[in-house]
Amino acid sequence: MILRKRSVFTTLVVAALLLAGWGPSEAQTPAPKPFSLELRFMTGPSGGAFYTLGTALAEIFQRELPGLSITILPGNSLANIAAMDADKADLGLSGSAAVATAVAGGAPFKSPVKKALHMATFWTQPWQLGVTASSGISSMGDLKGKRLAANARGSVGEQMTRHALQVYGLSYSDMARVEFIAGNDAVGAMKDRRLDAWPPTGPWPYNFFLDVANSIAMRFISLSDDKIAALNKINGAYVRQVIPADTYKGQDKEVVTFGDHAVLIVHANVPDEVVARMTRALAVPANLGKLRTVMASLKGLKLEEMKMASGFSQHAGAAQAYREVSSR
């Protein structure tokens, strides 16, 4: 549990670390002894990607840091940031674009978030514009006058949709109809051809699109590099991403788009030494190998990618650990 005053929390934990034998030794540094610390980890809905990753991370952290206890809690990208800023979460999973927006004080946050810091980066989360083949849409400009599922109102995916339309000179008012739905609702609407386009955000292959593409003919729309550069100016966490050819049925060419990354964030008040040990645990080859087997989107996970903080600051403990493991 995070205490409200950093000085009190840090003093207690550092004292525990020193008593546990983590302090300097004149002769030989003993192996770290167990200590007692409880952390609250905000992930996602049970069975979802964030929940699956969070469970795997908690297992690694608790095994490598004896005495560490982690409680997994449900959440989502925005809720996890808000909980951390309110001192109700110590660890969380989110999207880098959402965190970058939060630290800048952008909507829906009323003021800059200062307590959420980067610890690790995982998979890419491209904005994937899928359209029905019968819609006649072959470019972003063709969305004008069409029926769009914009994702849940106020979600990160909906924010990215608005930004993508913006750089192409479009807005919701240019659409024939906009529905703020996602998931199974959007899948059903696409299959029934009640909607023409839906751009969810998530790792590829996106299960919902696999479902749609196996039922009806689809196309996937690319964005131009100059528009992706314009999107990066809107949010520094937006970067160019590519969905490989043949990811979905009937998709014979790669799709160029933009997106962010799934990231592990940590409360600024968690002591540097604790965060450093947790970060070093992720770099252990056996643990990194285990993470690669958890989900298809983690199959190619590399340490060089994990340490990249895009759009917001990294925790000093994590930065220290990455410097150490990179110099080996």
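The values are calculated or read from the model by the stated rules, or taken from the named source; none is laboratory data. Computed from a prediction, not measured in an experiment: that's the story for all the values here. Note that we place each Cβ from the backbone using ideal geometry, even for glycine, and neighbour counts take in every protein chain shown.
If you take the residues in the range 246-299 that are without any contact (Cβ under 8 Å) to a residue 24 or more places away in the chain and hydrophobic (A, V, I, L, M, F, W, C), which one is farthest from R219 (Cα to Cα)?
Restricting to residues being without any contact (Cβ under 8 Å) to a residue 24 or more places away in the chain and hydrophobic (A, V, I, L, M, F, W, C), the top hit is A286.
Which condition from (1) part of a helix (DSSP H, G or I); (2) in contact with a helix residue (DSSP H, G or I) (Cβ under 7 Å, 6 or more places away or on another chain); (3) at pLDDT below 90 is the one that I60 breaks?
(3)
Please note which strands (runs of 3 or more DSSP E) are completely contained in the range 212-318 and include at least 2 residues that are closer than 19 Å to W123 by Cα.
Correct list: 239-243, 255-267.
Is it the case that S155 is within 21 Å of F50 (Cβ to Cβ) and not basic (K, R)?
Here the answer is yes, as S155 does meet what is asked.
Consider the range 149-186. How many of its residues are outside any helix (DSSP H, G or I) and of a type outside the set (S, T, Y)?
16
Output yes when any residue across the range 303-313 is within 25 Å of T201 (Cα to Cα) and surrounded by fewer than 14 Cβ atoms within 10 Å (Cβ to Cβ), and no when none is.
yes
Somewhere in the range 209-226, is a residue in contact (Cβ under 8 Å) with a residue 24 or more places away in the chain and under 19 Å from the mean Cα position of the chain (by Cα)?
no
Do we find a residue being buried (at least 18 other Cβ atoms within 10 Å of the Cβ), not hydroxyl-bearing (S, T, Y) and not assigned by TED's automatic domain parsing to the domain that holds Y51 anywhere in the range 167-176?
Checking the range 167-176: at least one residue is buried (at least 18 other Cβ atoms within 10 Å of the Cβ), not hydroxyl-bearing (S, T, Y) and not assigned by TED's automatic domain parsing to the domain that holds Y51.
Given the condition outside the structural domain of F41 (by TED's automatic domain parsing), over 22 Å from V187 (Cβ atoms), aromatic (F, W, Y) and not in a helix (DSSP H, G or I), answer yes or no: does some residue in the range 101-111 qualify?
No - not one qualifying residue is present in the range 101-111.
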